[in-house]
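A.B. asks: Starting off with a structure, shown below.
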Amino acid sequence: MLTANPAHPNLMVFDHPLIEHKMSYIRDIATSHRPFRALIAQIAGLMFFEVTRTFPTVPVDVRTPMEPTTCRRIAALITVVPILRAGLGMAEGIMEVMPEARVGHLGFYRDEKTLRPVPYLKRLPKDLHAGPVILVDPMLSTGGSASAALATLRDAGATDLRMICLVAS
């Protein structure tokens with residue numbers, strides 16, 4: 001279930017027992033690196049499942065072993081964009097759920113003098129306007145890199161932007 005925040009209508013908090021269960025292991029000091037990375041991917045896949053709930057679909061005719069039938073497919077191209085490097089684990093989990101999604105990459109580092117994000121990598125599909133773009137980054141601190149990444153995606157043509165962030169502290 002997604003819970004809306006009245007003060008921030010575009011912010012949704014995932015309130016799901018399975019996500020909460022997995023978050024308990026991420027937060028546990030006894031969880032080692034390998035299980036931690038696997039949990040990040042699993043939680044991202046679960047979050048992606050919820051984020052795509054409102055995506056429009058279109059009917060498609062398919063031929064089954066029994067007879068032709070009409071099914072539904074997501075209407076537009078989905079692009080997943082991790083902020084490097086931390087977002088890669090989340091992107092991996094999403095790609096397990098939807099391997100047909102496209103992937104772009106954005107990289108930022110923090111300028112130690114200004115504390116502002118500085119871009120160092122931008123690899124994006126040319127037609128970001130063709131469908132929803134999902135920005136993923138588990139490391140939300142000041143929000144500077146996330147804001148810069150969202151601005152970069154808007155400047156590159158994205159019109160339907162969503163961000164999945166995993167706050168585990």
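The values are calculated or read from the model by the stated rules, or taken from the named source; none is laboratory data. Treat the numbers as computed from the prediction; the structure is a model and nothing was measured. Note that we place each Cβ from the backbone using ideal geometry, even for glycine, and neighbour counts take in every protein chain shown. When the accessible area is computed, the model is the full protein with side chains, heavy atoms only, and any ligands, DNA or RNA have been set aside. Shrake-Rupley method; radii C 1.70, N 1.55, O 1.52, S 1.80 Å.
A.B. asks: Taking only the alpha carbons of the stretch 104-169, what extent do you get along each of the three principal axes, in Å, biggest first?
C.D. replies: For the stretch 104-169, the Cα spread along each principal axis is 36, 25, 14 Å.
A.B. asks: Hey, what number do you get for the chain at 222 nm if only DSSP H runs of n ≥ 4 count, each worth -39500 (n - 2.57), divided across all residues, to the nearest 500? Working shown, then result.
C.D. replies: On the way: 4 runs with 52 residues, N = 169.
That comes out to -10000 deg cm²/dmol.
A.B. asks: Under the 0.36 nm per residue contour assumption, what length would be gained going from the current alpha-carbon distance of Leu77 and Lys126 to full extension?
C.D. replies: That works out to 16.4 nm of additional length.
A.B. asks: How far, in nm, would the chain grow between Val62 and Tyr109 when pulled straight, counting 0.36 nm per residue and subtracting the alpha carbon separation?
C.D. replies: 12.3 nm
A.B. asks: Still on this structure: Helix 87-97 sits at what angle to the longest principal axis of the chain, using alpha carbons and giving 0 to 90 degrees rounded to 10?
C.D. replies: 10 degrees
A.B. asks: I would also like to ask the following. Across the chain, how large is the tail of the calculated P(r) beyond 29 Å, expressed as a percent of all Cα pairs? Mind dumping the intermediate values first?
C.D. replies: Numbers: 3504 of 14196 pairs.
Within the chain, distances greater than 29 Å cover 25 percent of Cα pairs.
A.B. asks: Stokes-Einstein D for the stretch 2-99 at 37 °C, 0.692 mPa s, Kirkwood Rh over Cα pairs, in µm²/s?
C.D. replies: 207 µm²/s
A.B. asks: Also: Enumerate by residue number the trypsin sites (Lys or Arg not before Pro) in the stretch 58-152 meeting two conditions: DSSP loop (anything except H, G, I, E, B), and at most 12 other Cβ atoms within 10 Å of the site's Cβ.
C.D. replies: Qualifying residues, ordered by number: Arg85, Lys113, Lys126.
A.B. asks: Please report the Cα spread of the stretch 25-82 along all three principal axes, rounded to whole Å, starting with the longest.
C.D. replies: Dimensions of the stretch 25-82 along the principal axes of its Cα atoms: 52, 26, 16 Å.
A.B. asks: Right, another one. Counting only the heavy atoms of the protein chains, how much of Tyr25 is accessible to a 1.4 Å probe, in Å² to the nearest 10?
C.D. replies: Here the residue's solvent-accessible area equals roughly 110 Å².
A.B. asks: Now for a separate question. Over the stretch 123-169, what is the relative contact order in percent, taking alpha-carbon pairs closer than 8 angstrom and at least six residues apart?
C.D. replies: Value for the stretch 123-169: 56 percent.
A.B. asks: If amide hydrogens are placed 1.01 Å from N in the peptide plane, which non-local residues have theirs closer than 5 Å to the one on Phe108?
C.D. replies: Placed amide hydrogens put Leu84, Tyr120 under 5 Å from Phe108.
A.B. asks: Report the label-to-label distance for Val13 and Arg27 in nanometres (one decimal), using points 7 Å from each Cα along the Cα→Cβ vector.
C.D. replies: 1.1 nm
A.B. asks: What's the center-to-center distance, using Cα atoms, between the stretch 18-39 and the stretch 129-169 in Å?
C.D. replies: About 23 Å separates the Cα centre of the stretch 18-39 from the one of the stretch 129-169.
A.B. asks: What FRET efficiency comes out for Thr69 versus Asp160 if R0 is 30 angstrom and r is the Cβ-Cβ distance? Round to the nearest 0.05. Working shown, then result.
C.D. replies: Details: r = 29 Å, r/R0 = 0.97.
With R0 = 30 Å, the Cβ-Cβ based efficiency is 0.55.
A.B. asks: Spin-label point model (7 Å from Cα, Cβ direction): what's the Arg34 to Phe55 distance in nm?
C.D. replies: Rounded to a tenth, the inter-label distance reads 3.2 nm.
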